[in-house]
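Data block below; observations after.
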Ligand SMILES: NC(=O)C1=CN([C@@H]2O[C@H](COP(=O)(O)OP(=O)(O)OC[C@H]3O[C@@H](n4cnc5c(N)ncnc54)[C@H](OP(=O)(O)O)[C@@H]3O)[C@@H](O)[C@H]2O)C=CC1
Ligand SMILES: O=C(O)[C@@H]1CCC=N1
């Protein structure tokens, strides 16, 4: 029997997931979407050939519901959905901070819930999605969530107690790398390079470094040491990074992201 999947609140992350599922072979006719604005629903239909429905219709029709609204909109969406979700549906939450218990308390007793934190590289099938079971989710439900999110990249199962930390690392993670590229491109301009050349040099260096990190099996310290020649250029840069507390700043930044994820747990702003 065909499994229907509905993405509810199809914004940036919902659409990234949806497009990846279609690239991976899901039939658009088996994918339902909901949106708050009619023009957004039509945009999704035109772009992907998926079927826009109401939240209630999605709840009644789809076997799996993936909720990709903002944490602050989750309470309202669940209030609307709750009367319509049969307990044999799998409900997946993609929202930062929101614990599975938040959904379980608002849905019918026994509804299986899975929490997933993915990231925007889903757009290029290189997402990192971390997956945790709620109290009624079985191994089969987790495997189904892995199948869906596996369409857009890697998946990893973690205890739910680690979800806020994972949100800080990989959920928000791409933003830190974009920020670094932005800052390093500015440095290139200071050093007299045209912006487009500086951008290309930094992006290719980032891609090369990322592939080495993934494929070489070497520790990042060893990879950095290999670049850092005695009395050379790199060590001068590293000294400045240490002088400016960049390592401490990153630790503090990720701690702040983890804390914000915890704050979002109640779904309030
Ligand atoms: N952006 C990211 O990098 C990541 C985001 N996330 C999580 O994904 C979720 C979505 O984030 P993102 O995609 O960036 O946000 P978006 O605002 O792009 O997407 C959320 C969408 O939900 C719609 N919406 C809100 N309420 C309803 C409703 N009741 N019924 C139907 N649609 C509704 C919004 O409509 P409208 O357009 O009218 O506001 C919007 O299109 C968040 O919970 C976030 O924590 C997780 C990982 C990474
Ligand atoms: O900034 C946010 O809250 C979302 C969650 C992870 C990435 N973006």
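Just so it is clear, none of the values below were taken in a lab; they were calculated from the coordinates. The structure presented is a predicted model; accordingly, all values stated were derived computationally and were not measured. Note that we place each Cβ from the backbone using ideal geometry, even for glycine, and neighbour counts take in every protein chain shown.
Restricting attention to the stretch 31-165, close to 20% of DSSP beta bridges with both partner residues there are antiparallel.
Note on 50, 246: ascending count of other Cβ atoms within 10 Å places them as 246, 50, the fewest first. From its DSSP helices (H runs of at least four residues, each -39,500 (n - 2.57)), the chain gives a residue-normalised ellipticity at 222 nm of -16000 deg cm²/dmol.
Of all DSSP-defined beta bridges confined to the chain, some 15% are antiparallel rather than parallel.
Is the shape of the stretch 5-163 rounded, prolate or oblate, going by the alpha carbon gyration tensor and its root eigenvalues a ≥ b ≥ c, with a/c under 1.5 for rounded and a/b larger than b/c for prolate?
Cα axes put the stretch 5-163 in the oblate bin.
The angle between the Cα long axis of helix 71-81 and the main principal axis of the chain comes to about 10°, on a 0 to 90 degree scale. Peptides 131-144, 221-234 ordered by packing proxy, namely the average of other Cβ atoms within 10 Å per residue, highest first: 131-144, 221-234. Descending by average beta-carbon neighbour count within 10 Å, the peptides 86-96, 71-81 line up as 86-96, 71-81, the highest first.
Axis of helix 139-150 versus longest Cα principal axis of the chain: the two differ by about 50°, to the nearest ten degrees.
One decimal place: the segment residue 263-residue 42 gains 76.1 nm when fully extended, by the rule 0.36 nm per residue minus the C-alpha distance. Normalising the average separation of contacting C-alpha pairs (under 8 angstrom, six or more residues apart) by the number of residues puts the relative contact order of the stretch 5-163 at 20 percent. Can you give the angle from 0 to 90° between the axis of helix 12-23 and the longest principal axis of the chain, with both taken from C-alpha atoms, to the nearest 10? Taking the Cα atoms of the chain, the angle to 12-23 is about 80 degrees.
Which whole-number percent is the relative contact order of the chain (Cα, under 8 Å, 6+ apart)? The normalised contact order for the chain reaches 16 percent. If the chain linking residue 187 and residue 237 were pulled fully straight, counting 0.36 nm for each residue of separation and taking away their Cα-Cα distance, it would gain 16.8 nm. Multiplying the residue separation of residue 2 and residue 56 by 0.36 nm and removing their Cα-Cα distance gives an extension gain of 17.4 nm. Among DSSP bridges having both ends in the stretch 100-162, what percentage is antiparallel? Round to the nearest 5. Given both bridge residues lie in the stretch 100-162, the antiparallel proportion sits at roughly 45 percent. When only Cα pairs below 8 angstrom with a gap of at least 6 residues are kept, the stretch 84-196 shows a relative contact order of 23 percent.
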